[in-house]
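Here is the structure we will look at.
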Amino acid sequence: MRKLELDYQRKPSSITLLGVFICLLAISVLALMVIKYTQVNQESQIAENELHQIESRVNRKTDTTGLNETRDPRALAKEIKQANKVLKMLGMRWDGVFSAVSAAQRKGVALLSLAPKPEKRIVKISAEAKNFSVMLDYIKRLEQQSAFGDVNLQSHKIRKQDPQKPVRFVVMADWIEE
């Protein structure tokens, strides 16, 4: 059996050539990164200054009404038309439509969607009824509502894959504002 030697006071090893090379490599990479960072920072500052100059030029071209002189008049007219449309929709009385649909509701009919088209004064109602007679009764109830003019069945389909075979249908109703 060999003799076991334990050295608890080992002397530190001397500096190796590989260690010095790695240290110099790390310092050079760090120096390159600092140089690149300063270049990117300077480019960023230049871009920000250009942006501020452009913004100040645009602000000088804005007239007293706040409208940009360089805007296309057709695009501006289109935006104004859209804004007027939104204002008109906000001024409409939606509560009549919602209360009429709610008053026509009956057992066996599930309302799937309600899509008012105020520019055409039409309401599109998608629903599902337990059977065909329940669907027809619901349409009659919609016709009796004072908020709606003509009520027309747009489409219907019996869902044969469902064991209860419900009828999914779409109704278009003329919207009469009260």
Exercise for the section: Answer yes or no as to whether Lys120 is out of contact with any Ser or Thr (no Cβ under 6 Å at 6 or more places or on another chain), assigned to a loop (DSSP other than H, G, I, E, B) and either at pLDDT 85 or above or within 20 Å of Arg168 (Cα to Cα) (or both). Expected result: no
Practice task
Examine segment 53-67 for a residue that is touching a helix residue (DSSP H, G or I) at 6+ places or on another chain (Cβ under 8 Å), farther than 30 Å from Met135 by Cβ and at pLDDT below 80, and state whether such a residue exists.
Solution key: yes
Completion exercise
Reported set for segment 125-165 where residues are touching a residue at least 40 places away in the same chain (Cβ under 8 Å) and surrounded by 15 or more Cβ atoms within 10 Å (Cβ to Cβ) is Ile125, Ser126, Ala127, Glu128, Ala129, Leu142, Gln145, Ala147, Phe148
Problem - Residue check, Ala110 of a type in the set (A, V, I, L, M, F, W, C), surrounded by 15 or more Cβ atoms within 10 Å (Cβ to Cβ) and at negative phi - result: no
Fill in the blank from the handout: Of (1) in a helix (DSSP H, G or I); (2) at pLDDT below 80, Asp7 satisfies every one except (1)
Fill in the blank from the handout: For Ala75, the lone unmet condition from (1) modelled with pLDDT of 85 or more; (2) over 30 Å from Glu128 (Cβ atoms) is (1)
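The values are calculated or read from the model by the stated rules, or taken from the named source; none is laboratory data. Just so it is clear, the structure is predicted and the values come from calculations on it, not from any experiment. In this analysis, Cβ positions are derived from the backbone assuming ideal geometry, glycine residues included, and neighbour counts consider all displayed protein chains.
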